[in-house]
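Worksheet for the structure shown next.
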Amino acid sequence: MIESIAGRERRRHRRLACERPASIHVVHCPDDPRLERRSLYGMVRNISAGGLKFTCPQSLPPGTLVHLDVAMPERGCLFKLAARTVRSTPRTDRFEVGAALEDSFFRRRDPWARMVFDALRELNDPV
């Protein structure tokens, strides 16, 4: 969860800015069941070991369960993520969506966390 108290960050995981295409598959949307089984295409804007921010053409209400396919070709992998939306903010021509990785995903998130932390280390300690 992302909150700020008196300007102090309360994120558990540091975020890494990126630009990655993503396939977004709506699994469950309690507020609008018509969105379920819909596939959207968007762009991941930042990532962390606990969540991500992405853009897409459709507003996704908080609590929507999505599966995302995010390619990381430089690492030779395709990440399949399960996340639940936290917020959806309208932008000029798209929606910016914040999502937290699902608890069930954390049991198998080691490759994701390792990739994120390796990238953060490279960003903060360039060779």
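The values are calculated or read from the model by the stated rules, or taken from the named source; none is laboratory data. None of the values given here were measured: they were computed from a predicted structure. Cβ sites come from the backbone with ideal geometry, for glycine too, and all protein chains shown count toward neighbours.
One line per residue, one yes/no per condition, for (1) among the basic types (K, R); (2) at pLDDT below 90; (3) in a strand (DSSP E or B):
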residue	(1), (2), (3)
I2	no, yes, no
R14	yes, yes, no
A17	no, yes, yes
S23	no, no, yes
V26	no, no, yes
L68	no, no, yes
F79	no, yes, yes
D93	no, no, no
Confirm whether L40 is part of a strand (DSSP E or B), surrounded by 16 or more Cβ atoms within 10 Å (Cβ to Cβ) and at pLDDT 95 or above. yes
Tell me, yes or no, whether the stretch 61-80 has at least one residue that is within 21 Å of L16 (Cα to Cα), in contact with a strand residue (DSSP E or B) (Cβ under 6 Å, 6 or more places away or on another chain) and of a type in the set (S, T, N, Q). no
Expected output for the stretch 69-95 (first residue under 15 Å from G42 (Cβ atoms), partner among the charged types (D, E, K, R) and outside any strand (DSSP E or B), Cβ below 9 Å, 6+ apart or cross-chain) is L81/E102; L81/R109; A83/E102
